[in-house]
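S.K.: This is the structure, below, for whatever I ask next.
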Ligand code: ADP
């Protein structure tokens, strides 16, 4: 099957979070299974686009409102990524350094989606599946079906994956004229509560939608994301497929970003060597259990709970634990954490920013990885932690619930707690501390974690089954 993945992120071209990891890996595994999966991404002005060569495969000029843009579709020249990469280059609109947070984000992603459909249509391409990811490509299922422009390709089955249902990409009807002419009778399919809502529209119009874990599929029908009712109404079209991890990129035995590589046989010495390097860099003691956090410092991730957890743990166990935090996000959380860094120097350190290499080094060098998430569609961090022999301490929600079993049960390996409350998280940290003191048990758990298989092989197969079922209905 020929499958186009349409996304705002893709590792290693442009990654902000888990969406990038998934779109950089799933197509590779689909291709290994004998399919022809490509990725279509906006052309951003980033290291990857500056350092690689591209062929221009398509050129056009289109209007968005009262502005006209010249645009191109570029194709990456080699096949080193494991999939064909197409970049939609729109000078003056899309070729910027950051992926998100520009004031004209609506214009950027609306143009991106229309350009993709125009290219597919005008260049006489075919596709068996169009797979859209998150709201940045959420208008495609609607446009494909309800704009006369795309009549030639309107029967191509669409799949929409929700990596994060908190972001909808909503905008007002004053921008309706950005969209190509659509049949007025169907405008309601764009709507949610009086605005154009690309996430809601995708859920309404797509052939099937997926969430990145089975638990999250259910949670979307009850959680306060604003679309609970819609998810409940459309639930027959939903499917939960847990994310995998790219085991070629995330392998402690070969990971080029680690100071020392290790495998399951050498997990204890390997982790100690990485922990030593990490503790030296951040002025922490290698003899204490190292509790870490990696991620966006936002409420969704429970990051606002971190200062309370750290302060209380260090007050109650002043000489027994260390903390290391990597992330950026809400300014109040960053400020709080920076205060703790000063107050507990030598026991708590914080790196505000995004650093891919450091993230890998933390997965390898940490003893524990904290994830007190309020919402976690899948969560990849816990999967990387498991692969690197680091015990995840997670709030049981979404994908965390589906992937982490508490070590208190027979086959368990992680530490779980039920509510996103500092009290419960502190108790979970305390359990980690007790586990750390029981070296033999910890060593056993490390080996157990590293034998778990969260590679993409199984989940990619589930996507293939979905594509095949849709393709058989495609006339
Ligand atoms: P999100 O909701 O942010 O997408 P996921 O758990 O799905 O969360 O994926 C997070 C990905 O982003 C992981 O690969 C993680 O290692 C990476 N990541 C998050 N924050 C940082 C950071 N500050 N520096 C480096 N990597 C980060």
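S.K.: Cβ-Cβ below 7 Å, separation at least six or inter-chain, first residue in the stretch 206-217 and within 17 Å of residue 375 (Cβ to Cβ), second modelled with pLDDT under 95 and assigned to a strand (DSSP E or B): which pairs?
M.R.: Nothing qualifies.
S.K.: Kindly check whether there is at least one residue in the stretch 370-388 that is surrounded by fewer than 21 Cβ atoms within 10 Å (Cβ to Cβ), in contact with a helix residue (DSSP H, G or I) (Cβ under 9 Å, 6 or more places away or on another chain) and in a helix (DSSP H, G or I).
M.R.: Going residue by residue through the stretch 370-388, those that are surrounded by fewer than 21 Cβ atoms within 10 Å (Cβ to Cβ) are 374.
Then drop every residue that is not in contact with a helix residue (DSSP H, G or I) (Cβ under 9 Å, 6 or more places away or on another chain), which leaves 374.
From the residues that got through so far, the ones that are in a helix (DSSP H, G or I) too are none.
Within the stretch 370-388, not a single residue is surrounded by fewer than 21 Cβ atoms within 10 Å (Cβ to Cβ), in contact with a helix residue (DSSP H, G or I) (Cβ under 9 Å, 6 or more places away or on another chain) and in a helix (DSSP H, G or I).
Per-residue answers, yes or no, for (1) in contact with a strand residue (DSSP E or B) (Cβ under 9 Å, 6 or more places away or on another chain); (2) near the ligand (Cβ under 9 Å from one of its atoms); (3) under 29 Å from residue 245 (Cβ atoms):
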site: 273; (1), (2), (3): no, no, yes
site: 300; (1), (2), (3): no, yes, yes
site: 312; (1), (2), (3): no, no, no
site: 316; (1), (2), (3): no, no, no
site: 338; (1), (2), (3): yes, no, no
site: 363; (1), (2), (3): yes, yes, yes
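S.K.: If only one of 254, 269, 292 is touching a helix residue (DSSP H, G or I) at 6+ places or on another chain (Cβ under 9 Å) and either on the phi < 0 side of the Ramachandran plot or part of a loop (DSSP other than H, G, I, E, B) (or both), which one is it?
M.R.: 292
S.K.: So, in the stretch 402-429, of the ones that are within 14 Å of the ligand (Cβ to nearest atom) and touching a residue at least 60 places away in the same chain (Cβ under 8 Å), which residue ends up nearest to residue 11 (Cα to Cα)?
M.R.: 403
S.K.: Only one of these is within 15 Å of the ligand (Cβ to nearest atom), in contact (Cβ under 8 Å) with a residue 24 or more places away in the chain and buried (at least 22 other Cβ atoms within 10 Å of the Cβ): 227, 258. Name it. Outline the logic, then answer.
M.R.: Details: 227 fails: within 15 Å of the ligand (Cβ to nearest atom).
Just a single option satisfies the conditions, and that option is 258.
S.K.: Something else: Looking at 310, 294, can you tell me which residue is more than 30 Å from residue 28 (Cβ to Cβ) and crowded, with 23+ Cβ neighbours inside 10 Å?
M.R.: None of the others qualify; the one that does is 310.
S.K.: On to the next question. I need every pair where a residue in the stretch 370-387 that is assigned by TED's automatic domain parsing to the domain that holds residue 213 has its Cβ under 7 Å from the Cβ of a residue that is at pLDDT below 95, sequence separation at least 6 or different chains.
M.R.: none
S.K.: Taking residue 124 as meeting all but one of (1) in contact with a helix residue (DSSP H, G or I) (Cβ under 8 Å, 6 or more places away or on another chain); (2) on the phi > 0 side of the Ramachandran plot, write down the number of the exception.
M.R.: It is condition (1) that residue 124 fails.
S.K.: Can you name the helices (runs of 4 or more DSSP H) wholly within the stretch 93-210 that have at least 3 residues being under 17 Å from residue 231 (Cα atoms) and in the same structural domain as residue 62 (by TED's automatic domain parsing)?
M.R.: Correct list: 198-205.
S.K.: Let me ask something else. Residue 85 - would you say it is part of a loop (DSSP other than H, G, I, E, B) and surrounded by 17 or more Cβ atoms within 10 Å (Cβ to Cβ)?
M.R.: Working: part of a loop (DSSP other than H, G, I, E, B): no; surrounded by 17 or more Cβ atoms within 10 Å (Cβ to Cβ): yes.
It is false that residue 85 is part of a loop (DSSP other than H, G, I, E, B) and surrounded by 17 or more Cβ atoms within 10 Å (Cβ to Cβ).
S.K.: Looking at the stretch 1-33, which of its residues are away from the ligand (no atom under 16 Å from the Cβ) and either assigned to a strand (DSSP E or B) or without any contact (Cβ under 8 Å) to a residue 12 or more places away in the chain (or both)?
M.R.: 2, 3, 4, 5, 6
S.K.: Related question: Can you give me the number of residues within the stretch 39-80 that are touching a residue at least 60 places away in the same chain (Cβ under 8 Å) and more than 16 Å from residue 116 (Cα to Cα)?
M.R.: Going through the stretch 39-80 one residue at a time, the tally reaches 1.
S.K.: Do you know which residues across the stretch 324-338 are in contact with a helix residue (DSSP H, G or I) (Cβ under 9 Å, 6 or more places away or on another chain) and either under 24 Å from residue 251 (Cα atoms) or free of Cβ contacts under 8 Å to residues at least 24 places away in the same chain (or both)?
M.R.: Passing the criteria: 324, 325, 326, 327.
S.K.: Considering only the stretch 389-410, state which residues are part of a loop (DSSP other than H, G, I, E, B) and farther than 19 Å from residue 270 by Cβ.
M.R.: Within the stretch 389-410, 396, 397, 404, 405, 407, 408, 409, 410 meet the criteria.
The values are calculated or read from the model by the stated rules, or taken from the named source; none is laboratory data. Only a predicted model underlies this, so the values are computations on that prediction, with no experimental measurement involved. Glycine also receives a Cβ, built like all others from the backbone with ideal geometry; neighbour counts cover every protein chain displayed.
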